[in-house]
Amino acid sequence: MPKISKLSIEKQTREGFPGKIVFANFLIDGIPLNNFNQIKDEDYVSCLGWGPKVFQQKQMDRLLLKVKSDFDDRNSIYICPCSDLGCGAISLKIKRSSKDENIIIWYKFGYENNLENQSNKLVNYYGIGPFYFDWEEYKETIESSLLFGEPEYWH
């Protein structure tokens, strides 16, 4: 049985273009995911907790596997503050465990964008993950990100 990790979120602020963004940052077992070596120098924000409500709902639905991923069988989790995937994103694969439907897995982390040729667009981040989460706790955490970071003017 793999180790079950705890996914949580916390507010984080990014200053700069196109303006201040307060977002829901991912923590895995209490460690901010954007502190991991391959990710820490990227100027991205998580896809959760900021932007118009319809944007936030779409991000949550992707991470809950309710809708199609935004890349070919991969989901972005850290994106450019302009939200254009052409600027690049930290992405991963997400699936429910075939052995236990109560487990969801984050695996095959990497960097990609939607502008480059399919054959060379993914840069794998070996050494991050896989992470296994309890489905109910995971779902509750993802859903709690709605309206988490940004002020009323987004909604």
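Just so you know, all these numbers are worked out from the coordinates, no wet-lab data involved. Bear in mind the structure is a predicted one, so any value in this text is a computation, not a measurement. With ideal geometry, Cβ positions are generated from the backbone for all residues, glycine too; neighbour counts draw on all protein chains shown.
Looking at the square roots a ≥ b ≥ c of the eigenvalues of the Cα gyration tensor of the range 4-148, which shape do they give, rounded for a/c under 1.5, prolate if a/b is larger than b/c, or oblate? The shape class here is rounded. Pairs of Cα atoms nearer than 8 Å and 6+ residues apart set the relative contact order; for the chain it is 26 percent. Shown is the FRET efficiency for residue 114 and residue 53, computed with R0 = 35 Å from the Cβ-Cβ distance and rounded to the nearest 0.05: 0.90.
Counting 0.36 nm for each residue step from residue 41 to residue 147 and taking away their Cα separation leaves a gain of 35.5 nm. Assuming charge only on the beta carbon of Lys and Arg (+1) and of Asp and Glu (-1), the dipole of the chain about its Cα centre is about 280 debye to the nearest 20. DSSP beta bridges confined to the range 4-148 are antiparallel in about 95 percent of cases. Farthest toward the positive end of the dipole of the range 1-77, out of 55, 19, 31, is the Cα of 55, where the dipole comes from beta carbon charges about the Cα centre.
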